[in-house]
């Protein structure tokens, strides 16, 4: 039994902390690829050891957040595919940016930009992630939750807000 515990502990620690064996150049390439929706590059870099929980150095945004927002693009490109790849690689959707936002908060905040299909798909993926299901109760530094942001979204697009609310209440 003692031997089994010695074998399991390193596996648990690696899963929880998602150790990265990537160079700073690879990390930067990953941040850029996620931000542009370049799924092939993202897959390659994950296979080369870039952590799916990598956070960009300035705002602490996770790769999931960057993939959802893709601020440099007029409309997000491959956002669902990026989220799937990162979650499959072990990304934790409960990691908060420096201002406390999670990928779920970002998805609700930018739901109109993502569109109905992508926004609801991403919410579903984050909530049903078997390794780390998204926590709906997390508040950001402005005391916003997905539910308070949903109320704001309802004023702009009630249909989209209702679809997301139904997923959050499952």
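222 nm [θ] for the chain, helices only, -39500 (n - 2.57) per DSSP H run of 4+, per residue, to 500? Could the numbers behind the result be given before it?
Details: 10 runs with 99 residues, N = 170.
Rounded to the nearest 500, the figure is -17000 deg cm²/dmol.
Mind running the shape call on the range 86-170? Use the C-alpha gyration tensor, a ≥ b ≥ c as the square roots of the eigenvalues: rounded below 1.5 for a/c, prolate if a/b tops b/c, oblate otherwise. It would help to have the intermediate numbers written out before the result.
Details: a/c = 1.81, a/b = 1.24, b/c = 1.46.
Since a/c reaches 1.5 but b/c is at least a/b, the shape of the range 86-170 is classed as oblate.
May I ask for log10 I(q)/I(0) of the range 22-168 at q = 0.11, 0.17 Å⁻¹, from a Debye sum over the Cα atoms as equal point scatterers with solvent left out?
-0.36, -0.88
Given Cα pairs under 8 Å that are at least 6 residues apart, what percent is the relative contact order of the chain?
Numbers: 238 pairs, mean separation 29.1, N = 170.
Reported as a whole number, the value is 17 percent.
Let me know the shape class of the range 82-130, please: from the alpha-carbon gyration tensor, a ≥ b ≥ c as square roots of the eigenvalues, rounded when a/c is under 1.5, otherwise prolate if a/b is greater than b/c, or oblate. Provide the component values of the computation, followed by the final result.
Values: a/c = 2.04, a/b = 1.09, b/c = 1.86.
Oblate, since a/c reaches 1.5 and b/c is not below a/b.
FRET efficiency for residue 159 and residue 128, Cβ-Cβ distance as r, R0 = 30 Å, nearest 0.05?
Values: r = 22 Å, r/R0 = 0.73.
Result of the calculation: an efficiency of 0.85.
Per-residue counts of other Cβ atoms within 10 Å, averaged by peptide: what ranking do you get for 142-154, 84-96, 23-35, highest first?
Ranked by mean Cβ neighbours within 10 Å, highest first: 84-96, 23-35, 142-154.
Bear in mind that the values in this text are calculations on the coordinates, not laboratory data. This is a predicted model, so every value here is computed, not measured. Positions of Cβ are generated from backbone atoms using ideal geometry, with glycine treated the same way; all protein chains shown enter the neighbour counts.
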